[in-house]
C-alpha cells in the first residue's frame, strides 16, 4: 500500500470552514496523535496563535489507513454526530482477505462484545452483545487473495476485522484476528476509501474518495 504522506505532513482531501477530511496512515492512532498532527498543521497553515478546534466524527483503528472526517466548528460537530447516529453518513472500505467468501456479495450480521482490546462474536442472546451489520462485494481475486468493497452499516469496535475473521476470511496482516500473512509496515490490508453525506451546514451533497482503493 503506498504511503500518502511525507513526514509530518497530513494530506487533506477536503476542507472548508466547518469540515476537514484527511488521510490517516496505517500505524498511527486517530486519537490523540493523528488529530494533534492535524491541529498543528492547521495552526501553521493559518498562523493561528490560539487553540485549534478539531474533533473527529469517527475513528480508525491504529493499523487501518484512510479517510477521517473531522469537525472544525461546534455547529458541525453536533450535526455530524447526529448524522452518524442516524446512519446518514455512508462509509466504504476496501480490504484484502484470504479464505472463501460465502458469496460474491452479501450482508454479514453478527453480535459483538468488546472484550480486552478485541471484539468477540457472541450469541444474539448475549446480554452485552451489540448488533454489527455490513455489506460487501467482491471486486477482484488474485492468487487466493480477495479484494472486497465494504459498506459499514453499524460502527462497532473492530467490526470489519472481527466479522470477516468470524467467517474464516481474515484481513491480511491482521494477526489479532487470525491472519497468518504479513502486510506492509505497521498496517493491515484495510483502507477507508470513501465518505458520502450531506454537508451539515451548506446542505450540499459531498462524496470524497481516496486514490488508494485497489490493493492488488
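Laboratory data are not the source of any read-out in this text; all were calculated from the coordinates shown. Predicted model, so just to flag it, every value in this text is computed and none were measured. Ideal geometry is used to build each Cβ from the backbone, glycine not excepted, and the neighbour counts take in all protein chains shown.
Averaging over every viewing direction, what projected area does the convex hull of the Cα atoms of region 115-216 cover, in nm²?
Taking a quarter of the hull surface, the average projection is 8.8 nm².
More than 20 angstrom separation, counting every C-alpha pair in region 13-96; what % is that?
Every Cα pair in region 13-96 considered, those over 20 Å come to 34 percent.
Mind checking the angle between helix 74-85 and the chain's longest principal axis? C-alpha axes, 0 to 90 degrees, to the nearest 10.
Roughly 10 degrees, rounded to the nearest 10.
In degrees from 0 to 90, rounded to the nearest 10, what is the angle of the helix 35-46 Cα long axis to the longest principal axis of the chain?
30 degrees
Where does each of 18-30, 117-129, 147-159 land if you order them by average Cβ count within 10 Å, highest first?
My ranking of the peptides, most packed first, is 18-30, 147-159, 117-129.
Where both residues lie in region 11-209, what percent of DSSP beta bridges are antiparallel, nearest 5?
So the antiparallel bridges amount to about 95 percent of the total.
How fast does the chain diffuse by Stokes-Einstein, in µm²/s, taking the Kirkwood radius from C-alpha pairs at 37 °C and 0.692 mPa s? Walk me through the numbers before you get to the answer.
Details: Rh = 18.1 Å.
Using the Kirkwood radius from Cα pairs, D works out to 182 µm²/s.
What FRET efficiency comes out for residue 126 versus residue 104 if R0 is 25 angstrom and r is the Cβ-Cβ distance? Round to the nearest 0.05.
Details: r = 30 Å, r/R0 = 1.21.
E(calc), rounded to 0.05, equals 0.25.
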